[in-house]
Amino acid sequence: MRPFLASVTLLLSALSVLPSIAAEPPTKRALWTTSRIKGSPDPRAPYQPENAFPSLKFDQPLELTPIPDSNRLAVAERFGKIFVFDNRADARDKQLLVDVGRTVYGLAFHPQFATNGRFFVTSIVEPMAAPPKGTRVSEFKAEADANNQLRVVPKSERVIIEWPSGGHNGGCIRFGLDGKLYIATGDGSGIADELQTGQDLRDLLGSILRIDVDRNDKELNYSIPKDNPFVSVDGASPEVWSYGHRQVWKFNFDRESGQLWAGEVGQDLWEMIYIIERGGNYGWSVQEGSHPFRPARKLGPSPILKPIIEHPHVDFRSITGGVVVRSNRLPELNGAYIYGDFDTGKVWSLKYSSGKVSEHRELCDTQLRVIAITRDNAGEALILDFAGSIYRLKNAPPADPNAPPFPKLLSQTGLFTSTRDHTPAPGVLAYDVNSPLWSDGAHKERFIALPGDSQIEFDAVLYPERQAPPGWRFPNDAVLVKTFSIELEAGNPKSRKRLETRILHRELMPGNDDEYGAQDWHGYTYVWNDEQTDAVLLDAKGLDRQYEIKDAAAAGGKRSQTWHFPSRAECTLCHTMAARYVLGATTLQMNRHHDYGSFSGNQLEVMSRMGYFKEPLPKPVAELPKLAEPGDSKVDLNERARSYLHANCSHCHRMWGGGNAEFSLLANKTLTETGTVNVKPGQGAFALNDPRYVVPGDPSRSMIHFRMSKTGLGRMPHVGSNVVDQDAVKLIEQWIRELK
């Protein structure tokens with residue numbers, strides 16, 4: 001057992017004197033038979049993903065690309081291994097082509113690879129340096145052995161080009177139809193293009209470069225094509241093909257039209273798709289897409305070009321550029337550009353002709369971490385999931401015409417016998433958590449609803465990070481409920497007003513494997529009416545509302561608070577595969593005492609006694625781990641601080657969680673294992689004096705404390721909160737100050 005959880009377990013002996021139980025918990029639960037939560041309120045997606053190579057699995061893959069003039073594909077894993085395999089659904093073997101031994105971002109094979117064996121890799125040199133030393137494109141050579149297996153020629157690596165690393169490194173590389181190598185570089189910054197490289201042509205950052213790797217110029221290991229747009233511009237880097245980029249994450253050429261399509265990851269509000277033109281300026285950081293960002297900054301030498309498509313952050317959070325499909329397997333998609341989003345798992349398509357988008361639609365809403373989309377040599381789109389598998393699209397089964405409508409009112413869900421009084425229906429169980437997620441001071445009421453006599457598999461979800469605390473596997477059509485209320489008069493519980501009730505509905509998708517289908521969750525929000533009698537299902541886009549709060553501590557005795565009702569897509573940002581989908585209903589959070597009204601007891605024991613779990617608890621609750629309550633001053637400071645960070649930050653800041661900063665705030669890891677202590681941030685300094693994520697003894701230089709303390713640009717958490725948790729800021733400040 002990890003040191004932190006071991007010490008927390010010992011706490012239970014000190015807390016064993018609990019309030020006396022008014023009555024024994026029942027040995028059989030009431031069954032929830034009134035559920036009307038089935039299906040979805042949204043139109044059924046026309047497509048769904050299917051595993052294209054069920055027998056193949058990769059470790060944090062970042063790139064997928066075809067090998068020219070063959071029926072082979074190649075995958076580059078994050079930590080340096082590049083594999084080759086046959087493009088067949090029954091492929092079982094993957095051949096290790098090379099282990100670069102460092103972080104790999106990009107991979108491209110020379111158009112004449114079949115005869116010259118040349119391929120190119122983007123990697124990060126010394127990735128643990130602060131900041132990383134540099135981003136490099138290298139050439140390797142491969143040759144086929146007697147069994148036609150590819151082998152890298154030993155010591156064949158040749159460095160082609162390098163640029164400084166930073167918060168955004170780009171790294172995508174592709175050969176154009178002209179035989180030249182195109183290279184995406186990020187702005188090298190963290191927040192808000194702090195180096196202001198986006199509009200600066202003097203460096204290689206914030207650009208797409210174009211070089212000729214078949215010829216050398218002077219001391220370079222490449223040559224500058226004479227028709228590059230800035231060859232004759234004084235002071236400009238002649239390699240630059242386009243500029244004004246923040247972080248292009250995957251670009252591809254349409255092999256028929258020659259158009260270069262790119263997905264651009266935005267910062268505050270927007271994600272963009274561009275068609276890249278020679279010499280084009282794409283605005284960063286004067287603009288974010290077509291919207292002003294820092295309009296007073298110096299503009300580059302050419303006008304800003306607009307995106308083909310923009311997605312607001314209620315739908316997309318980290319766009320992944322895609323490909324134009326040229327396949328007749330799904331004829332209605334032939335000629336469509338297909339792209340996706342890493343954070344939300346959504347996959348969209350558009351068709352473009354005569355300078356206009358003629359069709360734009362969502363194809364499917366998945367649980368995938370869409371890290372790359374490529375087109376094989378047959379023109380088929382393949383989707384690479386960061387969790388390790390490769391998918392393709394197939395037609396979704398038709399919707400059931402006899403299916404009942406999804407409830408539009410909370411009172412129609414079957415969750416409450418009295419919605420006005422918030423009285424749960426029989427079989428709907430109230431629960432509480434040890435370390436609540438901060439929600440701008442809201443009071444929360446939580447419930448679990450399992451249909452009929454279905455049961456939970458206790459601590460059965462271990463995928464993908466087995467070092468993370470396990471999660472529970474819930475049955476099909478399980479529902480988790482959370483109602484949010486705020487005090488309209490600060491400090492007066494009687495002034496509470498219900499704002500929303502959020503539900504998570506687990507729906508097993510037919511044909512999916514256990515890793516995804518068993519934990520396929522959808523989030524919905526019901527907004528309470530002013531009369532507090534019922535709540536109405538919010539549409540998919542989300543909502544912001546202002547509330548006036550009486551507060552003696554505020555100027556004039558009043559303050560305004562913005563409450564954000566999340567979109568459906570925003571629910572997927574936290575309830576991810578990496579975070580086991582469910583955040584509150586876990587062993588760590590629910591191993592605590594709860595008063596159920598007619599009886600009380602430890603929640604895990606009560607649920608086990610009542611038959612909520614398929615098997616008896618594996619250990620007594622005193623031996624099961626738990627989080628500490630952050631506000632309980634009787635508990636060790638380290639345990640309280642680590643519990644708060646686990647509950648509020650670790651669903652992103654863990655392996656595959658989606659956080660850009662590569663550290664983990666899981667409570668079961670030692671502080672050293674978190675990768676935070678004296679580690680320099682890669683997302684900008686925010687004008688702090690030589691900051692680190694955590695500087696023992698010095699909160700003023702500790703980035704985690706600083707970003708918790710602020711609002712606006714750079715605030716953490718960056719979603720779901722507009723108000724600083726002052727108690728938590730004091731807790732983390734004290735914890736850092738007392739760290740040895």
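The values are calculated or read from the model by the stated rules, or taken from the named source; none is laboratory data. Remember, predicted model here, so these are calculated numbers, not experimental data. With ideal geometry, Cβ positions are generated from the backbone for all residues, glycine too; neighbour counts draw on all protein chains shown. What goes into the accessible areas is simple: the full protein's heavy atoms, side chains included, and nothing from ligands, DNA or RNA. Shrake-Rupley method; radii C 1.70, N 1.55, O 1.52, S 1.80 Å.
Of the residues that make up the range 192-213, is at least one farther than 24 Å from residue 280 by Cβ, in contact (Cβ under 8 Å) with a residue 24 or more places away in the chain and part of a loop (DSSP other than H, G, I, E, B)? No, the conditions are met nowhere in the range 192-213. Of all residues in the range 233-265, which are small (Gly, Ala, Ser), over 15 Å from residue 175 (Cα atoms) and either open to solvent by 10 Å² or more (accessible area, probe 1.4 Å) or in a strand (DSSP E or B) (or both)? Hits for the range 233-265 are 235, 236, 237, 242, 263. Apart from one condition, residue 643 fits all of (1) open to solvent by 20 Å² or more (accessible area, probe 1.4 Å); (2) assigned to a helix (DSSP H, G or I); (3) under 30 Å from residue 569 (Cβ atoms); the exception is (1).
If you go through the range 67-101, how many residues are of a type in the set (A, V, I, L, M, F, W, C), assigned to a loop (DSSP other than H, G, I, E, B) and more than 16 Å from residue 171 (Cβ to Cβ)? Lay out the reasoning, then the answer.
Narrowing the range 67-101 to residues of a type in the set (A, V, I, L, M, F, W, C): 67, 73-76, 79, 82-85, 89, 91, 96-98, 100.
Remaining after also requiring assigned to a loop (DSSP other than H, G, I, E, B): 67, 79, 89, 91, 100.
Now narrow it down to the ones that are more than 16 Å from residue 171 (Cβ to Cβ): 67, 89, 91.
Within the range 67-101, residues that are of a type in the set (A, V, I, L, M, F, W, C), assigned to a loop (DSSP other than H, G, I, E, B) and more than 16 Å from residue 171 (Cβ to Cβ) number 3.
Within the range 243-256, residues that are on the phi > 0 side of the Ramachandran plot have Cβ atoms under 7 Å from residues that are in a loop (DSSP other than H, G, I, E, B) in these pairs: 244/198; 244/199; 244/206; 244/282; 244/283; 244/284; 244/300; 250/172, counting only partners at least 6 apart in sequence or on another chain. Just so you know, in the range 397-421 the residues that are buried (at least 17 other Cβ atoms within 10 Å of the Cβ) and in a loop (DSSP other than H, G, I, E, B) include one that is farthest from the chain's Cα centre (by Cα), and it is 419. Selection over the range 491-509 of residues that are in a strand (DSSP E or B), touching a residue at least 60 places away in the same chain (Cβ under 8 Å) and either more than 26 Å from the chain's Cα centre (by Cα) or surrounded by fewer than 18 Cβ atoms within 10 Å (Cβ to Cβ) (or both) gives a count of 2.
For the range 27-51, filtered to residues that are assigned to a loop (DSSP other than H, G, I, E, B) and among the polar types (S, T, N, Q), the residue that is least open to solvent (accessible area, probe 1.4 Å) is 35. Inclusion of residue 124 among residues that are under 23 Å from the mean Cα position of the chain (by Cα) and part of a strand (DSSP E or B) is warranted.
Residues in the range 102-121 that are assigned to a strand (DSSP E or B) and closer than 18 Å to residue 170 by Cβ were compared, and the one that is most open to solvent (accessible area, probe 1.4 Å) is 105. Scanning the range 694-724 for residues that are open to solvent by less than 20 Å² (accessible area, probe 1.4 Å), closer than 22 Å to residue 657 by Cβ and part of a loop (DSSP other than H, G, I, E, B) yields a count of 3. Here residue 317 meets the list (1) under 21 Å from residue 541 (Cα atoms); (2) assigned to a loop (DSSP other than H, G, I, E, B); (3) at pLDDT 95 or above almost entirely, failing just condition (3). When restricted to residues that are without any contact (Cβ under 8 Å) to a residue 40 or more places away in the chain and either of a type in the set (Phe, Trp, Tyr) or surrounded by fewer than 19 Cβ atoms within 10 Å (Cβ to Cβ) (or both), the range 79-97 contains 11. For the range 316-341, residues that are buried (at least 22 other Cβ atoms within 10 Å of the Cβ) and in contact (Cβ under 8 Å) with a residue 60 or more places away in the chain total 12.
Across the range 296-314, the number of residues qualifying as outside any loop (DSSP other than H, G, I, E, B) and open to solvent by 30 Å² or more (accessible area, probe 1.4 Å) comes to 3. Scanning the range 350-367 for residues that are in contact (Cβ under 8 Å) with a residue 12 or more places away in the chain, within 18 Å of residue 263 (Cα to Cα) and in a loop (DSSP other than H, G, I, E, B) turns up nothing. When residues in the range 541-584 are screened for being open to solvent by 80 Å² or more (accessible area, probe 1.4 Å) and not in a helix (DSSP H, G or I), 11 of them pass. Residue check: is residue 657 open to solvent by less than 20 Å² (accessible area, probe 1.4 Å), in contact with a Ser or Thr (Cβ under 9 Å, 6 or more places away or on another chain) and either closer than 16 Å to residue 573 by Cβ or not in a loop (DSSP other than H, G, I, E, B) (or both)? Judged against the criteria, residue 657 is a match.
Is it true that some residue in the range 53-63 is in a loop (DSSP other than H, G, I, E, B), open to solvent by 40 Å² or more (accessible area, probe 1.4 Å) and more than 19 Å from residue 464 (Cβ to Cβ)? No: the range 53-63 contains no residue that is in a loop (DSSP other than H, G, I, E, B), open to solvent by 40 Å² or more (accessible area, probe 1.4 Å) and more than 19 Å from residue 464 (Cβ to Cβ).
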